[in-house]
Amino acid sequence: MSPRMPDDNPLKPAQKPRPKAGQSGESRSGESRSGSGKRVSSGRWQQVRQFMHQRPVLAQLYWLLVRVVVFLLITSFGAVVVLKYVPIWVTPLVVSRWIDTFGTDESSHVYKKWRSYDDISKEAALAVIASEDQAFPRHWGFDFDEIQDAIRENQHRKRPRGASTITQQVAKNVFLWSGRSYVRKGLEVYFTVLIELIWGKRRILEVYLNVAETGPMTFGVEAASQRFYHHSAAELSRNEAARIAAVLPNPILLSIRNPSNYVQRRTRQIARQMRALGGQKYIRNL
C-alpha cells in the first residue's frame, strides 16, 4: 500500500492559526477600552466647544485669560534673563518701606548701594549662608529637609518657623509683594525655579547681598557697612559680617549699631558656624 500523500487540495479552505491563550480577549478588550476612551474624550471636547460657542462672552473671557497668562509667562521669563546681567536698584520691598514713611516722622531716605560679588568681602557671603541657608551650595532652590523639620516643629510652636532658602528670599524680595497667600507662595516657587536655572548660585548670592534688608531703610551689605561700620563691604571682618547676618531675621527690631544681648549671642553663634563650615573655601566653587 502506497503511503498517503498530504492533502493539498486548493479548494479546501485553509485553517486559520489559533490565537494564543488569552491574547485575543485581552487585545480586543484593550482596543475596546482605548476606543471608548477616545470617544469619551472627543465627546467631552465637543461638549466644551459647543458650550463655549453658545456663550460668546465666556469664550472671549477665556481667550483673554489665556493671552494674559502667556504674556505674564513671557515677560517674567524675560525679566529674569535681563536681571541676570544688570544691577537691581529697586525692589518691591524698598518701595513698600519708602511708602510706609509717608505721614510719619521717619526719614524716607533709602540707603542702598550696589556692589558686585567680587567687591564684597567673602566673609559677608559666608556669614549669610551660615546664618540663613547652609545647604545653599547644594540644593536647587528648596531645602526639603528644613521644610520637613519646620513642619514638625511648627506643630508645637506659637510662632511658626520658616524654612525659606536664600533663593526663595531673593525671589520674594525681587519679584513679589510682601504678605502671605497661596498665590504669592505659588509665584515664589515659580521664580525660585527660574532663577536657579537661569542665574546660578553666584548671581543669586550677589543679588541677596545687595537687596536684603539690613536695617531701617537700609538694603544690602554695602549700605549697612558704610552706614554702621563706616567702611566698604570689601573690608568687612568676620565678626562684622556675622553681626549683619545676625539681624537679617528682623532688621527693623534688631540693630547692628546697638546690638542687644541676643544679637551679640547670635553673632558669636554665626561666627562659630562659619568656622565649622571650613571658612571661605566652603563658597569657593559657587
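The values are calculated or read from the model by the stated rules, or taken from the named source; none is laboratory data. Because the structure is a prediction, the values reported are computed rather than measured. Cβ atoms come from the backbone with ideal geometry, glycine included; neighbour counts cover every protein chain shown. With ligands, DNA and RNA removed, areas are computed over all heavy atoms of the protein, side chains included. Shrake-Rupley method; radii C 1.70, N 1.55, O 1.52, S 1.80 Å.
Excluding ligands, DNA and RNA, what is the solvent-accessible area per residue of segment 93-180 at a probe of 1.4 Å, expressed in Å²? The partial results should precede the final answer.
Working: 5290 Å² over 88 residues.
Accessible area per residue, segment 93-180: 60 Å².
Our estimate of slack between Phe77 and Trp89, defined as 0.36 nm per intervening residue step minus the Cα-Cα distance, is 2.4 nm.
Mind ordering 263-270, 244-251 by average Cβ neighbours within 10 Å, highest first?
Details: 263-270: 17.2, 244-251: 20.8.
Highest-to-lowest ranking by the protection proxy: 244-251, 263-270.
In the frame of its principal axes, segment 63-108 has Cα extents of 48, 30, 7 Å, reported largest first.
The Cα trace of segment 79-145 gives Rg and Dmax of 16.1, 45 Å, the first to one decimal, the second as a whole number. Computed from the Cα positions only, the extents of segment 173-286 along the three principal axes stand at 38, 33, 24 Å, in decreasing order. In segment 238-286, Cα pairs under 8 Å separated by at least six residues give a relative contact order of 40 percent.
How much FRET efficiency would the formula 1/(1 + (r/R0)^6) give for Gln280 and Ile198, where r is the Cβ-Cβ distance and R0 is 35 Å, rounded to 0.05?
Working: r = 26 Å, r/R0 = 0.74.
About 0.85, to the nearest 0.05.
Please compute the length gained on full extension between Glu235 and Phe102, using 0.36 nm multiplied by the number of residues separating them and subtracting their Cα-Cα distance. Could the numbers behind the result be given before it?
Details: separation 133, 0.36 × 133 = 47.88 nm, distance 3.47 nm.
So the chain would gain 44.4 nm between Glu235 and Phe102.
Let me have the relative contact order for segment 165-258, percent, based on Cα pairs under 8 Å that are six or more residues apart.
Normalised by residue count, the contact order of segment 165-258 is 22 percent.
Report the far tail of the P(r) of segment 157-232, meaning the percent of Cα-Cα pairs longer than 17 Å. Counting every Cα pair in segment 157-232, those more than 17 Å apart make up 52 percent. In a Debye calculation with equal point scatterers on the alpha-carbon sites of segment 193-252 and no solvent, what is log10 I(q)/I(0) at q = 0.29, 0.30 Å⁻¹? Log-scaled intensity ratios, in q order: -1.18, -1.23. Between Arg272 and Gln60, residue separation times 0.36 nm minus the direct Cα-Cα distance comes to 70.2 nm.
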